[in-house]
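Have a look at the structure below, then the notes.
The values are calculated or read from the model by the stated rules, or taken from the named source; none is laboratory data. These numbers come from a predicted model, not from an experiment. Virtual Cβ from ideal backbone geometry, glycine too; neighbours counted across all protein chains shown.
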Amino acid sequence: MDLGVSVFFPAYNDAPSLPGLLKKAFQTLESVASDYEVIVVNDGSGDETGAVLAELQEHYGERLRVVTHGQNRGYGGALRSGFEAASKELVFYTDGDGQYDPGELRELVELLRPGVGLVNGYKLRRHDPWHRVAIGKIYNQVARVLFGIRIRDIDCDFRLIRRELVEDLRLESTSGTICLELVKKIELSGCGVAEVGVHHYPRLHGSSQFFRWRSLLETLRQFTGLYWRLVVVEGTGKMVDRVLCAFHQST
């Protein structure tokens, strides 16, 4: 297909999973894109991620780019760096922990149509400990209701997005709330959105950084700030516009 695709993986202490992920990503891209690049954002990892990526760069050469953060900037910071580094027409990202299969990028590409700015995956079944599944369901439902989001799975980090759309969003979050900010701003843009079910696999290496007190508190703080900016302020502005429009029409 005549497509340019940037694929990136945010990675934090994901050394064991990266070789397999990158191998599958390159194999998939050869069949779905005419022009592509693969980027890994090493977000201040404390394990062997840097060394593993150096070896992988020797193997893949210029086809693999690495963005390195000297200090951990959080999930949102890693995604923002990935979007900034991407140079192709389309941008696909998924996590570096190996819980999604890059091969399913094919399903996303098949749903890309004129007017569609985002193809979003949703987990067919979540393979995580029960408490993460429960908390994830509650978070997803609360966020969808409070923010008026139509996408069914906000936290499914398996997305194909038109790069020009991302450039206009001006993402600000540094925590996991960046997924909420990204999805809400895309829906506010008015572009078309498509969804497809994807598989989610058990995490074989490391542990999630989200379920820690510091991460949870920061996520809550940014969640509140997003609600204020994207719902309260945005909603008030639209209401004022409607009142002014009605006033001008009546005079």
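Some points to look at:
- Meets criteria (without any contact (Cβ under 8 Å) to a residue 60 or more places away in the chain and crowded, with 21+ Cβ neighbours inside 10 Å) for Leu22: yes
- Qualifying residues in segment 31-45 (those that are loosely packed, with under 15 Cβ neighbours inside 10 Å and touching a strand residue (DSSP E or B) at 6+ places or on another chain (Cβ under 8 Å)) - the one modelled with the lowest pLDDT: Ser34
Here is a yes/no grid of residues against (1) surrounded by fewer than 20 Cβ atoms within 10 Å (Cβ to Cβ); (2) in contact with a Pro (Cβ under 8 Å, 6 or more places away or on another chain); (3) among the charged types (D, E, K, R):
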{"residue": "Ile154", "(1), (2), (3)": "no, no, no"}
{"residue": "Glu164", "(1), (2), (3)": "yes, no, yes"}
{"residue": "Glu181", "(1), (2), (3)": "no, no, yes"}
{"residue": "Arg203", "(1), (2), (3)": "yes, no, yes"}
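- Ser175 fulfils the conditions (1) surrounded by fewer than 16 Cβ atoms within 10 Å (Cβ to Cβ); (2) within 14 Å of the chain's Cα centre (by Cα); (3) of a type in the set (S, T, N, Q) except for a single criterion, (1).
- Criterion applied to Val166, Val145 was being assigned to a helix (DSSP H, G or I) and closer than 27 Å to Lys23 by Cα, and the one residue passing it is Val166.
- Test: residue in segment 107-122 that is surrounded by fewer than 16 Cβ atoms within 10 Å (Cβ to Cβ), closer than 26 Å to Glu30 by Cβ and β-branched (Val, Ile, Thr): yes
- Within segment 1-16, the set of residues being crowded, with 22+ Cβ neighbours inside 10 Å and over 30 Å from Arg113 (Cβ atoms) comprises Ala11, Tyr12, Asp14.
- Applying the set (1) modelled with pLDDT under 90; (2) surrounded by 14 or more Cβ atoms within 10 Å (Cβ to Cβ); (3) not in a helix (DSSP H, G or I) to Phe211 leaves exactly one unmet item: (2).
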